[in-house]
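Right, one structure below, let's go through it.
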Amino acid sequence: MNSMKHVPTRVKSRRTEANLGAEREHFDKQQLSSISKAINSTETPVKEKHARRIILGTHREKGAYTFWSYALGFPLASSSILSWKFCHVLHKVLRDGHRNVLQDCMRHHSSLVEIGQLWSNLHDRYGQLVALYTKLLCTKMEFHVKHSEIPPNLEVTDEVLERTAGTDVNNVFQLTVEVFDYLDAELRLAETVMRQLNTSIAISTLTSGQCRLSPLIQVIQDCSHLYHFTVKLLFKLHSCLPADTLQGHRDRFHDQFHSLKTFFNKARDMFYFKRLIQIPKLPDSPPNFLHAASLAKHVKPVVVIPDEDEPEQQEDEDDDPEPLIEVSDSPSIQQSQPQQLDIFDQAFGPPNGGFDDRDLQIESLKRDLELLRAELERVKGEAQRYITQLKSQINSLEAELEEQRAQKQRALVENEQLRMELEATRRRNAEHESVQFTFLEAEQRAQATEQRYNKLKEKHTELVSSHAELLRKSADTVKMLSATQQTQDEVERTKQQLSFEVDRIKQEADMKLEEQKFEMEKLRRELDEKMAEVMRIRATLQSSEKTSEQVSSSMTSLQAEKERLMRSVSEKEAELSSLRQAAQVQQSSLLQERERSSREVGELQGKLQEKSSQEEQLKQKLLEEQFALLQGTITEAEHIVQDAVAKLDDPLHIRCTSSPDYLISRAEATLGSIDKVKKGHADYLSNMSDAGGLLRALTQFSHLAADTIINGSATAHMAPTDQADRLTENCRGCATESLQFFKDLKSKTSLQRADPASVRIVVQKILHLGQELRPKGMDVRQDELGDLVDKEMAATSAAIEEAVRRIDEMMNQARKDTSGVKLEVNERILYSCTDLMKAIRMLIIASTDLQKEIVEGGKGAASIQEFYARNSRWTEGLISAAKAVGWGATEMVESADKVVLHTGKYEELIVCSHEIAASTAQLVAASKVKADRNSKKLTSLQQASRHVNEMAANVVASTRTGQEHLEEKDTMDFSGMSLIKLRREEMESQVKLLELESSLENERLRLGELRKKHYELAGVPLEELPEGNGDASLLRHPVTMSPKPSKPAVMRKPALAQKPNLLPKTPLK
């Protein structure tokens, strides 16, 4: 029966194996067909359906084994177009294939490198592209293998990128360089393709151009993600490193930004890409990495690939789409092969009339499964379409947001332009007023010209009257000339008469010679007079001629002057008429300009009112944004303070401690931040459009308040109970008041009355409690520290000298009073004490010299007192160490005196030697803190310190040896005791031993409490002693002989003399 039950299962498994073999054969056939059709030497772009089938094949077999098994058979070295299309398909497979594809492709990395090197050495256009493409694919595979968190399609969130970069700045720097190289490889390929298209006949509408352009779709997808990665990483680097260190990164990014923007713009203008991909727009200028707030303005570029439901043409019968997983039996096999009965059916017949009920259920379940898978594929397709639509909507919304920002910027620019136009209109009005003033001046000039014309007219009238008078004078002159001519005629006639008379006289000469002579003389005289008169008349005539010539010339000049004046009068009249016409035209233009200006002013006022309303809306929006920022900052501040309050009740926080000095510094800083908050609150109330000051003050206040609360609680852990309770209560009160103040700031109704005064009161209480908890004994003023150091060092030296003197006296006294073994023991102890004091004195001298060198090297222009005051903690450490050394020397002398006189204990001398060694070690540490490591005096000080340790060990050894010599040891004889008595003695010994152990434990506890009180008085908690992290913490308390307070002061007797236990030197750096 069991065998019969298992027979159908075996038969079913054989049937399933046959179906799986047929499915694998069908899958290999389909993959071979798609790969051969996608990768060929035809200069056409790769069809999307063939590439999609290859990608689905990688998901089905969970790798790229089948793809590479067929791809390696292509003659890639013989055809550049074949290699180009192979690289394109490989790029698609890497981006969209199964995640195991990357590992399969890395196995063939060397083959890709060889193909690229081969085509880079050949002068072929596609060969150059293949060389660049193979280099890009190798860079892509190496990058994603190294950073496995980032998939080859580069679609990761910012959190994954932050996690990949890590917190180490060196890793972030290296990742940025690798992303730069990755983006450079992408851009070189894109630029080469674009350059070949620009220099060839092929364009994006031809198949030859589309064959080159089709791989750029994947390049655009990669570049958008790589650009976003670069921006994020550079902002992170600028937050960790100085700007000068990253100057090369910024220059390289600017070059890549401009190349990528040029590539996107060119691709966006090509018709080929318009229906295949939606290319994002990059900003006009690269981000400003020196300004951290620019990161908020960065928008991640998103590439959208629209879904196109194009009917695929059936080139052949093998182009039918293939499902990812086939479960049902192959229809072709069922049609080609007749249904045969298996062995069980032949032997026993078909059950239930041919089929089993379970077979029917399996078949129905398979059909349901197929339907569900089809439904799932449909839902996935719809979901993908919805995702694409949502991405496009996100892009459109981001574009609208950018457009709104641009409109806001344009509105601001237009507002500024309108203001400028209003100012220009006002200037034009002023110019119009100046032109009107010029017109009035022109009218005044015209009136002046008219007055000048009237004056010229009067002058012309005067000239005309003077001309008429001159004409009259000329007529008189002509009359005088005619009279002169008449006179000449009369003279001629007189001459004739005289000649007649002379003839008559000649005739009568003979008769009256004497009378004639007399008359002749008389006539001669008359003749001379007449001749003189004639000469005068001639001269008068000549002068009259000259005067007439002058009159004629003056007449000519007057005539010319008259003509010139007439011309000037006509010109002035023409100018006056032109001025009047111009004034009329200008007045009319002024009236038109005034009307136009009034219209423009009205329009501008309307626009200004509109812009003012928009500006009011923008201001209101700005106020709301500022208040939203304030609320976000206050919420974050509340979280910070609440987190600090939560730590008060955290059990892990109980182990945390803090010093009162640090609590005081935090409280003082918090009080200062409260003042800044109050000032920022007042500034915000006066100008609610700018909340920057209040935001910065609130951020600082929240951190400082939280720090004060945490450190107050940590200080309370080491304070007395009463003060600890008050300090913890005040810390909680500080948190409560701070949260109440934040609550008042979050509401607009209570924003006006928000006041941090209550917070200030609580912080002042915390400050006062911290001052009360400060260690006592620090009442020395800082200006007295320098004198106190010198005094303590001098006092220590004096104490050492006094100790040496007293030891010498004790030596002399011991030689007088004792002898034998006691004298030998006392001398050995006193000699070792003397050597220790001498070593301490040399140490004091070396420490003083080193201290002087430190002060001279570090004080600069300041005085020695100012140097000590500035380094008060170091100075206090020196004072404490010097006091401890002087006290230890005095105590050692007292203990040695008691030991010599047999009134003291040897253990006291041992403890004193340990204390002196510890005190000198503190002095060495205090001097070594600020010393130069290469100082010779520091070396001398260290040698002196080692010598002190050796001498202290000698004192301990001498004391223990003397103690062994002087102690009388009884011999233990138990031979006469019985068993019961031995048992009783043993029990008594055990009781005594237990009492001593109990006493030892009590003394250890007492020693621990004493040291704890010592540390509290010194200002350092007990827990901080083994955890000191610097020189300051060491110098604030004296060094004891052991770093662990739980050990006893008096240790067990060692076999050999040993050095005293000192603090480890690791804290001193």
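Of note:
- Counting only protein heavy atoms and using a 1.4 Å probe, the accessible area of T262 comes to about 70 Å².
- Residues of region 66-118: accessible area per residue with a 1.4 Å probe, Å²: 39
- Residue ranges 135-147, 744-756, 247-259 sort as 135-147, 247-259, 744-756 when ordered by packing (mean number of other C-beta atoms within 10 Å per residue, highest first).
- Spin-label model, V160 to A448: label points 7 Å out along the Cα-to-beta-carbon direction sit 8.8 nm apart.
- Counting only lysines at least 8 places from K274 when in the same chain, those with an alpha carbon closer than 27 Å to its own are K37, K47, K49, K85, K92, K140, K261, K266, K300, K380, K391.
- Calculated accessible area for region 419-491 comes out at 77 Å² per residue, all protein chains present (probe 1.4 Å; ligands, DNA, RNA ignored).
- Taken one residue at a time, the phi angles of region 418-426 give Karplus couplings (6.51, -1.76, 1.60, θ = phi - 60°) of 5, 4, 5, 5, 5, 5, 5, 5, 4 Hz. Gly and Pro are set to x.
- Amide H within-cut-off set for V304, under 5 Å, with H built and near neighbours excluded: Q278
- Shape call, region 54-167: gyration tensor on alpha carbons, a/c limit 1.5: oblate
- A protection proxy built from the mean count of other Cβ atoms within 10 Å ranks the segments 53-62, 210-219, most packed first, as 210-219, 53-62.
- Alpha-carbon centroid distance for the pair region 554-581 / region 668-715, whole angstrom: 89
- Listed peptides 102-108, 843-849 appear in the order 843-849, 102-108 once ranked by packing, highest mean of other Cβ atoms within 10 Å at the front.
- Between S79 and K621, the FRET efficiency estimated from the beta carbon spacing at R0 = 60 angstrom works out to 0.45.
- Ordered by solvent-accessible area of protein heavy atoms (1.4 Å probe), largest first, the residues S33, S613, S78 come out as S78, S613, S33.
- Rounded to the nearest whole Hz, the Karplus-based 3J(HN,Hα) values (6.51 cos²θ - 1.76 cosθ + 1.60, θ = phi - 60°) of region 732-746 follow the sequence 5, x, 4, 5, 5, 5, 5, 5, 5, 5, 5, 5, 5, 6, 6, with x at glycine and proline.
- Partner lysines for K1013 [C-alpha distance under 18 Å; skip if fewer than 8 residues away on the same chain]: K776, K1044, K1047
- Surface share of carbon and sulfur [accessible, 1.4 angstrom probe, percent] for region 163-268: 53
- Note on region 517-643: lysine pairs with Cα distance below 17 Å, sequence gap of 8 or more or different chains, count 4.
- Overall form of region 629-701 per C-alpha gyration tensor (a/c, 1.5; a/b vs b/c): oblate
- Centre-to-centre, using Cα atoms only, region 842-857 and region 137-160 are separated by 62 Å.
- Shape call, region 607-750: gyration tensor on alpha carbons, a/c limit 1.5: prolate
The values are calculated or read from the model by the stated rules, or taken from the named source; none is laboratory data. Given the structure is predicted, the values throughout are model-derived calculations rather than measurements. Heads up, the Cβs are rebuilt from the backbone with ideal geometry, glycines too, and the neighbour counts pull from every protein chain shown. What goes into the accessible areas is simple: the full protein's heavy atoms, side chains included, and nothing from ligands, DNA or RNA. Shrake-Rupley method; radii C 1.70, N 1.55, O 1.52, S 1.80 Å.
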